[in-house]
Amino acid sequence: MSTKAFASQADLVEKQVSFTRLSENAYAYTAEGDPNTGVIVGDDAVMVLDTQATPVMAQDVIRRIREVTDKPIKYVVLSHYHAVRVLGASAYQPEHIIASRDTYDLIVERGEQDKASEIGRFPRLFRNVESVPAGLTWPTITFTGRMSLWLGQLEVQLIQLGRGHTKGDTVAWLPEQKILFSGDLVEFDATPYAGDAYFQDWPKTLDQIAALQPRALVPGRGAALTTPEQVQAGLKGTRDFISDVWTHVKAGVDAGKTLNAVYKDTYAALKPTYGHWVIFDHCMPFDVTRCYDEATAHADPRIWTAERDRQMWETLEG
């Protein structure tokens, strides 16, 4: 049996970009399951939510923004700390980079290791990685729980609804238009990456999103969800996947099985339902490892280093 290429190193096909208008203020930059970027155009300024992985890749987002407005890009919001979401920030030359305090603390704790880890996992997503400035992307404003920003008359609420994809997850909510930018708390036809997740909290956090009753939602990966029915489908798919991983891993742990055995059982059980989703083979080793940790001895996610990535992959896929 041939071993699988590590993470997404075999994924070299360029994706087709869409720039979808959800309202006169809200846009979604999506690319067939690659990481999404949200754009909010207010009365006097633009806010960008998640930046793309490098400044060179961010230039394509900026080009799309300039097709619809010449207002200054004043704010960049980080939905969480992962490198693929934040390392393009410098391209926007924003006045402020905003994140939750929990996200800031994660950057302090594990930002350098995560940067090295993710660049190794996703060569295509870190195109022109040499354009990333040295060091890390640091927020200039942090908040705890919730904050409102006013882009003229337009209110944008930044809210921590609970832990899920990470402990710092932040959503952006346009309350008047009922449009939500979820970051990686919600994916659509794309496999949730859960290597830094809280499996037992994530479904409850999705319930908090559902309670807002969004009429449209920009997920972390996948097409923009433009109707309440599509939003419900995105929430359900994400919730089902996270719950299914937890159920199978917990059963294996309770039966005294090793991580390797639990991985093989869980992969086989989930592949018929979710195997067609983007990055399924990439995510599953990380997801099951984190879930096994949570079900055993590690309430909080352990730090992924480039070395730990490789060792885990060799153990489960070698």
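The values are calculated or read from the model by the stated rules, or taken from the named source; none is laboratory data. The structure presented is a predicted model; accordingly, all values stated were derived computationally and were not measured. In this analysis, Cβ positions are derived from the backbone assuming ideal geometry, glycine residues included, and neighbour counts consider all displayed protein chains. Areas reflect the complete protein model, heavy atoms only, side chains present, ligands, DNA and RNA absent. Shrake-Rupley method; radii C 1.70, N 1.55, O 1.52, S 1.80 Å.
Remarks
- Length released on extending from residue 273 to residue 251, taking residue separation times 0.36 nm less the Cα-Cα span: 6.0 nm
- Ordering 85-97, 60-72, 162-174, 241-253 by mean Cβ neighbour count within 10 Å, with the highest value first, yields 162-174, 85-97, 241-253, 60-72.
- In nm, spacing of pseudo-spin labels at residue 264 and residue 32 (7 Å Cα→C-beta vector): 3.4
- Separation of the residue 157 and residue 20 label points, Cα + 7 Å toward Cβ, nm: 2.3
- The H on the amide N of residue 54, modeled in the peptide plane, is under 5 Å from the matching H of 88, each at least 5 residues off or on a different chain.
- Proximal lysine pairs, the chain, alpha carbons under 25 Å, eight or more residues apart or interchain: 26
- FRET efficiency, 1/(1 + (r/R0)^6) with R0 35 Å, evaluated for residue 176 and residue 236 via beta carbons: 0.85
- Magnitude of the charge dipole for the chain, about its Cα centre and with charges confined to Cβ atoms of Lys, Arg (+1) and Asp, Glu (-1), is about 120 debye.
- For segment 179-186, putting each phi into the Karplus relation 6.51 cos²θ - 1.76 cosθ + 1.60 with θ = phi - 60° gives couplings of 10, 10, 10, 9, x, 7, 5, 10 Hz, in residue order, rounded to whole numbers and with x for Gly and Pro.
- Projecting label points 7 angstrom from Cα along Cα→Cβ for residue 112 and residue 95 puts them 3.3 nm apart.
- Backbone geometry of segment 69-83 corresponds, through the Karplus equation with coefficients 6.51, -1.76 and 1.60 at θ = phi - 60°, to 3J(HN,Hα) couplings of 7, 10, 5, x, 7, 8, 10, 10, 10, 9, 5, 6, 8, 4, 4 Hz, x marking Gly and Pro.
- Using the 1.4 Å probe convention, the accessible area of the chain works out to 40 Å² per residue with neighbouring protein chains retained.
- J(HN,Hα) series, segment 301-306, from Karplus relation 6.51 cos²θ - 1.76 cosθ + 1.60, nearest Hz, glycine and proline x: x, 7, 6, 8, 10, 4
- The accessible surface of the chain, taken with every protein chain in place and a 1.4 Å probe, is 50 percent carbon and sulfur.
- Estimated at 0.36 nm per residue, the fully extended path between residue 69 and residue 243 surpasses their Cα-Cα distance by 58.5 nm.
- Residue ranges 98-110, 179-191 sort as 179-191, 98-110 when ordered by packing (mean number of other C-beta atoms within 10 Å per residue, highest first).
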